[in-house]
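The structure appears right after this line, and notes come after that.
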Amino acid sequence: MLRFGREEIQAFARVAKTGQLFRYRDQGECYLFEQRFGDFLGVPHVLLTSSGTTALTAALAALEIGPGDEVIVPAHTYMATALAVLAVGAIPVIVDIDDSVMLDPIALEAAVGPHTKAVIPVHMWGEVCDMDAIMAVAARHNLQVIEDACQCAGGAYRGRPVGAIGHAGAFSFNYFKNITCGEGGAVVLHDAQAARRAGCMVDCCSFYWTGRQEDFYPFAAAGSRASELDGAVLNVQLTHVPGLLTKLRRSKARLLAAVADTDLRPSPRHSPDGECATTVMFQFDTAAAADAFAALAGGTVCGQTGRHTYNEWDPILDHKGAHHPALDPFKLAENRHCRMDYRKDMLPRSLDILNRTVMIGLHPSLKVAQVTALGAKLRDAAATVLTGEATAV
């Protein structure tokens, strides 16, 4: 959580006092946020959900991905990206990242098979994927592109908001994100018919409250509605995003300038001006050097977060795709031709990159003096590690 203060508490209390917490009401907070977030991103259709996972699931269903289909996902992302694929009955195909810690467009193209229908590029750690290259691959192979922008709300790639570049996008508003209501998410779409299918995934009972549509028949879905309390908090949060990102980007620029004359090597960046700048990442020649630098600088080795790398996705690796075998995508006859041979060591290149990459977290509350002090700390750590004095730490 980057910011949560008096205004959010007041908005929460204001709605709580009305006693009208259900999202279907005139001039409601959820409707307002969906409209404002759509304007913010430049997309016509936004639906609030209960989480980033349900937003991804709704996006996949909206684009009619299901049994018999493969969906390519990167080796480094929260497991929800792959779980959403299973939730619609399809099979995730896990491919390499590149030095940017994002989906490698070359690996993406190499992985496309006869049953590949979609790809989910993930904008990790507030940085952005190489979307031009990914969209070009998708166009050549007629793939649907669902952007996982769950860690990058407000980010942009070459002037275009992430989440709005592909055919669909998904966002998370949980506790750890730069826009938060504790738990929540949003699915965003360009196509009106796809948006109706996504809306059915979010709430197949919505016709009770908004009316039946003669040209659309709802299908059964578990549902993932947001409440007016979520919408109220998110409306405040959205107002602060531009200022919050400006502070983060300034801090990142200052920090990188402070270490520019050292041997520290920033990880490749696809659109520096558009990053959320919640992290700064550096790449080292060896995992030992990365470990040593992280210990001295107070950073995190990307391959050691405990939950963001494919070799930590137990339900995927173990082929436990549902609570009941009859519903398990890994056991469906329609998926018998899909690739699902997962092994913890199957992508050594990705594991090597992740274990040699260190990220340093930033926060919008940092003062210039604090950024300066952090820069000095990074310089000292680099001087120690890169001269070989602590590579075995």
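Centre-to-centre, using Cα atoms only, the range 202-254 and the range 306-336 are separated by 28 Å. In the chain, helical runs assigned H by DSSP with n ≥ 4 each contribute -39500 (n - 2.57); averaged across all residues and rounded to the nearest 500, the mean residue ellipticity at 222 nm is -11500 deg cm²/dmol. In a fully extended conformation the segment linking ASP380 and ALA192 would gain 62.3 nm over its present Cα-Cα distance, using 0.36 nm per residue. ALA11: net charge of surrounding residues, Cβ under 13 Å, Lys/Arg +1, Asp/Glu -1, itself excluded? Here the count lands on -2.
Quick check: from the Cα gyration tensor, does the chain come out rounded (a/c under 1.5), prolate or oblate?
Taking the square roots of the gyration eigenvalues as a ≥ b ≥ c, the chain is oblate.
Relative to the longest principal axis of the C-alpha atoms of the chain, give the angle of the C-alpha long axis of helix 192-202, reported between 0 and 90° and rounded to the nearest 10°. On a 0 to 90 degree scale, this one is about 90. When ASP291, ASP230 are compared by accessible surface with a 1.4 Å probe, the order from highest to lowest is ASP291, ASP230.
Counting only protein heavy atoms and a 1.4 Å probe, the range 307-354 has 60 square angstrom of accessible area per residue. Rounded, prolate or oblate: which fits the range 158-264 when a ≥ b ≥ c are the square roots of the eigenvalues of the alpha-carbon gyration tensor, with rounded for a/c under 1.5 and prolate only if a/b beats b/c? Prolate shape, in that a/c is at least 1.5 and a/b is the bigger ratio. Computed from Cα positions, the angle between helix 131-141 and the longest principal axis of the chain comes to roughly 50 degrees. For THR49, the residues 5 or more places off, or on other chains, whose built amide H falls under 5 Å of its own are GLY185, ALA186, VAL187. Each of PHE330, PHE12 has its accessible area taken with a 1.4 Å probe; listed largest first, they run PHE12, PHE330. If you line up the long axis of helix 52-62 against the longest principal axis of the chain, both from Cα atoms, how many degrees apart are they, to the nearest 10? For 52-62 against the chain, the angle is about 50 degrees. Highest mean first, the peptides 80-90, 298-308 sorted by other C-beta atoms within 10 Å per residue fall in the order 80-90, 298-308.
Straight-line cross-link partners of LYS331 among the lysines, defined as a Cα under 28 Å from its Cα and at least 8 positions apart when in the same chain: LYS117, LYS320, LYS344. Spatially, the range 142-176 and the range 1-50 are offset by 19 Å when compared through their Cα centroids.
What are the residues whose amide H is under 5 Å from the amide H of TYR157, where those residues sit 5 or more places off or on another chain and H is modelled from the backbone? Amide H to amide H, under 5 Å and 5 or more residues apart or across chains, TYR157 pairs with VAL162. By its C-alpha gyration tensor, with a ≥ b ≥ c as the square roots of the eigenvalues, how is the range 1-45 shaped: rounded for a/c under 1.5, else prolate for a/b larger than b/c, else oblate? Since a/c reaches 1.5 but b/c is at least a/b, the shape of the range 1-45 is classed as oblate. With all protein chains in place and ligands, DNA and RNA left out, the 1.4 Å accessible area ranks MET131, MET346 as MET346, MET131, largest first.
Would you mind calculating the relative contact order of the range 117-210 from Cα pairs under 8 angstrom and at least 6 residues apart, reporting the percent as a whole number? Averaging sequence separation for qualifying contacts and normalising by length gives 21 percent for the range 117-210.
Among 94-106, 375-387, 44-56, sorting by the average number of other beta carbon atoms lying within 10 angstrom of each residue, highest first, gives 44-56, 94-106, 375-387. Rounded to the nearest 0.05, the FRET efficiency derived from the C-beta distance between ILE9 and THR246 at R0 = 22 Å is 0.40.
If you wrap the tightest convex hull around every Cα atom of the range 262-311 and split its volume per residue, you get 120 Å³.
Estimated at the nearest 10 Å², the accessible area of PHE207 is 50 Å² with a 1.4 Å probe. How much accessible area per residue does the range 160-275 have, in Å², with a 1.4 Å probe? That works out to 45 Å² per residue. For LYS377, the lysines whose Cα falls under 25 Å of its own Cα, not counting residues fewer than eight places away in the same chain, are LYS247, LYS252, LYS367. Accessible surface for the range 1-143, divided over its residues, is 37 Å² per residue with a 1.4 Å probe. When nucleic acids and ligands are ignored and a 1.4 Å probe is applied, LYS344 ends up with an accessible area of around 120 Å². Given a 1.4 angstrom probe, I'd like the percentage of the accessible area of the range 59-117 that is carbon and sulfur, rounded to a whole number. That fraction is 57 percent. Put simply, the amide H of THR279, placed in the peptide plane, has neighbours under 5 Å in LEU362, leaving out anything fewer than 5 places away on its chain.
Can you give the relative contact order of the chain as a percent, counting alpha carbon pairs under 8 Å and 6+ residues apart?
21 percent
Two numbers describe the Cα atoms of the range 240-393: Rg and Dmax, which are 19.8, 61 Å.
The values are calculated or read from the model by the stated rules, or taken from the named source; none is laboratory data. Just so it is clear, the model here is predicted, and its values are computed rather than measured. Counting neighbours? That spans all protein chains shown, and the Cβs are built from the backbone with ideal geometry, glycine included. When the accessible area is computed, the model is the full protein with side chains, heavy atoms only, and any ligands, DNA or RNA have been set aside. Shrake-Rupley method; radii C 1.70, N 1.55, O 1.52, S 1.80 Å.
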